[in-house]
Amino acid sequence: MSIINDGGPAFPAYDDDGDYSIGMSLRDYIAIHAKSDDIIEYLGPLYTAENRAKAKYKYADDMIKARKNGN
């Protein structure tokens, strides 16, 4: 089983002790904001809600990978 790089926290909030609560991950943020035009190549043959969600997360994974590689 591989560990998914979620990009870390999208909006870290620090408390008085200097610890932060993660909240939404960057992966979640990208997936939520992915437009249909962005994910069309990731969609399978069936355009279902589940396939659309999976496509958005595949898109987010590629965006995080490109960010890590400096693209």
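The values are calculated or read from the model by the stated rules, or taken from the named source; none is laboratory data. Just so we're clear, the structure is a prediction, and the values are computed from it rather than from any experiment. Please note: Cβ atoms are built from the backbone with ideal geometry, for glycine as well, and neighbour counts cover all protein chains shown.
Descriptive notes on the structure:
- The residue pairs whose first member lies in the stretch 4-19 and is over 19 Å from Gly70 (Cα atoms), whose second member is outside any loop (DSSP other than H, G, I, E, B) and modelled with pLDDT of 75 or more, and whose beta carbons are closer than 9 Å, counting only pairs six or more residues apart or on different chains, are Phe11/Tyr29.
- Of everything in the stretch 19-30 that is over 18 Å from Ile3 (Cβ atoms) and surrounded by 10 or more Cβ atoms within 10 Å (Cβ to Cβ), the residue that is nearest to the chain's Cα centre (by Cα) is Tyr29.
- A count restricted to the stretch 1-12 and to residues that are of a type in the set (Gly, Ala, Ser) and either in a helix (DSSP H, G or I) or modelled with pLDDT under 75 (or both) stands at 1.
Yes/no per residue for (1) assigned to a helix (DSSP H, G or I); (2) surrounded by 16 or more Cβ atoms within 10 Å (Cβ to Cβ); (3) in contact with a Gly (Cβ under 7 Å, 6 or more places away or on another chain):
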site	(1), (2), (3)
Asp17	no, no, no
Ile32	yes, no, no
Glu41	yes, no, no
Pro45	no, no, no
Tyr59	yes, yes, no
Ile64	yes, yes, yes
